[in-house]
Amino acid sequence: MASEKAEMTHLSSHQRLESSLAQLQQLPLSSYDLARYLFSQLALEQRSSAVYEVRLVDAERHHFAVQLDDVWLDCGADNAAKANPRLLMPSQLVEQISQLEVVALSEMQLQFMTMENAHFDHCY
């Protein structure tokens with residue numbers, strides 16, 4: 001019974017990230033900001049996740065990745081100005097360089113992050 005529940009959690013986490021990929025690819029975010037955005041979205045849903053700097057088999061640069069249960073989402077190279085997220089297979093992950101301390105953002109802060117052309121007046 002416990003293994004069935006773990007399998008269902010794994011599948012639902014995987015399916016959830018997979019269904020979010022199209023939406024995430026449309027966001028005008030850097031790789032780090034995408035990782036923060038995804039981490040914050042999951043925190044708002046009361047889901048526990050973590051953000052890591054990782055080394056991948058097919059990449060020269062380190063990448064940012066979000067881990068939800070045993071599912072990994074690659075948020076792009078550490079210098080990517082526009083992220084192109086993708087689900088990672090376990091065989092693609094070489095090592096976890098470090099876990100990043102990320103503070104979950106509020107829903108309002110997340111909305112500001114996704115504004116493509118934001119303009120703020122500097123009024124005092």
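The values are calculated or read from the model by the stated rules, or taken from the named source; none is laboratory data. On a predicted model such as this, the values are computed, not experimentally measured, just so you know. We place every Cβ from the backbone using ideal geometry, glycine too, and count neighbours over all the protein chains shown. Only protein heavy atoms, including side chains, enter the accessible area calculation; ligands, DNA and RNA are left aside. Shrake-Rupley method; radii C 1.70, N 1.55, O 1.52, S 1.80 Å.
From the list Q67, Q99, Q46, which residue is more than 11 Å from the chain's Cα centre (by Cα) and without any contact (Cβ under 8 Å) to a residue 24 or more places away in the chain? Step through it out loud before you land on a result.
Working: Q67 fails: more than 11 Å from the chain's Cα centre (by Cα); Q99 fails: without any contact (Cβ under 8 Å) to a residue 24 or more places away in the chain.
Only one candidate qualifies: Q46.
Given the criteria polar (S, T, N, Q) and touching a helix residue (DSSP H, G or I) at 6+ places or on another chain (Cβ under 8 Å), does S40 qualify? Let's see the steps before the verdict.
Values: polar (S, T, N, Q): yes; touching a helix residue (DSSP H, G or I) at 6+ places or on another chain (Cβ under 8 Å): yes.
For S40, the condition - polar (S, T, N, Q) and touching a helix residue (DSSP H, G or I) at 6+ places or on another chain (Cβ under 8 Å) - is met.
Out of the residues in the stretch 80-124 that are assigned to a strand (DSSP E or B) and among the polar types (S, T, N, Q), which is modelled with the lowest pLDDT? Break it down into steps so the answer makes sense when it comes.
Pass one, the stretch 80-124, residues assigned to a strand (DSSP E or B): 86-88, 93-100.
Subset that is among the polar types (S, T, N, Q): 96, 98-99.
Working: Q96: 91, S98: 96, Q99: 97.
The residue in question is Q96.
Identify all residues within the stretch 38-67 that are closer than 20 Å to S106 by Cβ and either in a strand (DSSP E or B) or among the polar types (S, T, N, Q) (or both); write none if there are none. Steps first, answer last, please.
Residues of the stretch 38-67 that are closer than 20 Å to S106 by Cβ, as a first pass: 38-51, 66.
Once the filter is applied, which keeps residues that are closer than 20 Å to S106 by Cβ and either in a strand (DSSP E or B) or among the polar types (S, T, N, Q) (or both), the stretch 38-67 yields S40, Q41, Q46, S48, S49, A50, V51, V66.
Scan the stretch 79-90 for residues that are open to solvent by less than 20 Å² (accessible area, probe 1.4 Å) and either in contact with a His (Cβ under 8 Å, 6 or more places away or on another chain) or free of Cβ contacts under 8 Å to residues at least 60 places away in the same chain (or both) and report the count.
Step one: list which residues in the stretch 79-90 are open to solvent by less than 20 Å² (accessible area, probe 1.4 Å), which gives 83, 85, 88.
Next cut, either in contact with a His (Cβ under 8 Å, 6 or more places away or on another chain) or free of Cβ contacts under 8 Å to residues at least 60 places away in the same chain (or both) only: 83, 88.
Residues in the stretch 79-90 being open to solvent by less than 20 Å² (accessible area, probe 1.4 Å) and either in contact with a His (Cβ under 8 Å, 6 or more places away or on another chain) or free of Cβ contacts under 8 Å to residues at least 60 places away in the same chain (or both): 2 in total.
Can you pull out the residues in the stretch 51-78 that are out of contact with any helix residue (DSSP H, G or I) (no Cβ under 6 Å at 6 or more places or on another chain), surrounded by fewer than 17 Cβ atoms within 10 Å (Cβ to Cβ) and of a type in the set (A, V, I, L, M, F, W, C)?
The answer is A59, and nothing else.
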